[in-house]
Amino acid sequence: MQYQQSESRMYYSESLERVVRLASGSAVVIFSVSTCCMCHAVKRLFCGMGVNPTVYELDQDPRGHEIEMALSHLLGGDSAVPVVFIGGKLVGAMDRVMASHIGGTLVPLLKEAGALWL
């Protein structure tokens, strides 16, 4: 039992490190599942704004479930996809992205990260 818990913590730690590494690799990073309608909507939002996000489809990654669990933990246990990072910083899930967009704070974040030039 002790061995299983330490092994589980090791996988979580590795997954969290991978999330941080991937999230800081591009101006806009979306963790997604290819069959998720909300994921599709957030990708379309960014593409419609002229942003070219880096998208990681977790259902196409052999360790995608572990990454999804780490993302869920970062979000406080909430649903894990889609999850958006801008400039290496966690923005959140679809609700946070839309709130930022409606509130007028999304474009400045994108400009600051170098994802938008206008």
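Over the chain, with the other protein chains present, what is the accessible area per residue in square angstrom, probe 1.4 angstrom?
Numbers: 7010 Å² over 118 residues.
Roughly 59 Å² per residue, with all protein chains present.
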What's the carbon and sulfur percent of segment 14-94's accessible surface, probe 1.4 angstrom, rounded to a whole number? 54 percent
Diffing segment 104-111: the Karplus 3J(HN,Hα) column from phi (6.51, -1.76, 1.60, θ = phi - 60°), in whole Hz with x for Gly and Pro, holds x, 9, 5, 4, x, 4, 5, 5
In nanometres, what is the gap between the two model label sites at residue 69 and residue 20, each 7 Å from Cα along Cα-to-Cβ? 1.9 nm
Using the Karplus equation 6.51 cos²θ - 1.76 cosθ + 1.60 (θ = phi - 60°), what ³J(HN,Hα) coupling, rounded to whole Hz, does each residue of segment 49-63 give in order, writing x for Gly and Pro? 8, x, 9, 10, x, 8, 10, 10, 7, 5, 6, 10, 10, x, 10
Can you list, by residue number, the Cys in the chain that have no neighbouring cysteine C-beta under 4.7 Å? 37, 47
With every protein chain left in place and a probe of 1.4 Å, what is the accessible surface of residue 40, to the nearest 10 Å²? 110 Å²
Once you put a point 7 Å from the Cα of residue 95 and another 7 Å from the Cα of residue 117, both along the Cβ direction, what distance in nm separates them? 3.7 nm
Go from 0 up to the bin containing the longest alpha carbon distance in the chain, width 10 Å each, and give me the % of pairs per bin. 14, 46, 28, 9, 3, 0
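Considering only protein heavy atoms, with the full assembly of protein chains and a 1.4 angstrom probe, order 22, 90 by accessible area, largest first. Before the final figure, lay out the partial values.
Working: 22 30, 90 75 Å².
The most accessible residue leads, giving 90, 22.
The values are calculated or read from the model by the stated rules, or taken from the named source; none is laboratory data. What you are looking at is a predicted structure, and each value in this text was computed from that prediction instead of being measured. When we count neighbours, we look across all protein chains shown, and the Cβ atoms used for this are built from the backbone with ideal geometry, even at glycine. For the accessible areas, the whole protein counts, side chains as well, though only heavy atoms, and no ligand, DNA or RNA atoms are used. Shrake-Rupley method; radii C 1.70, N 1.55, O 1.52, S 1.80 Å.
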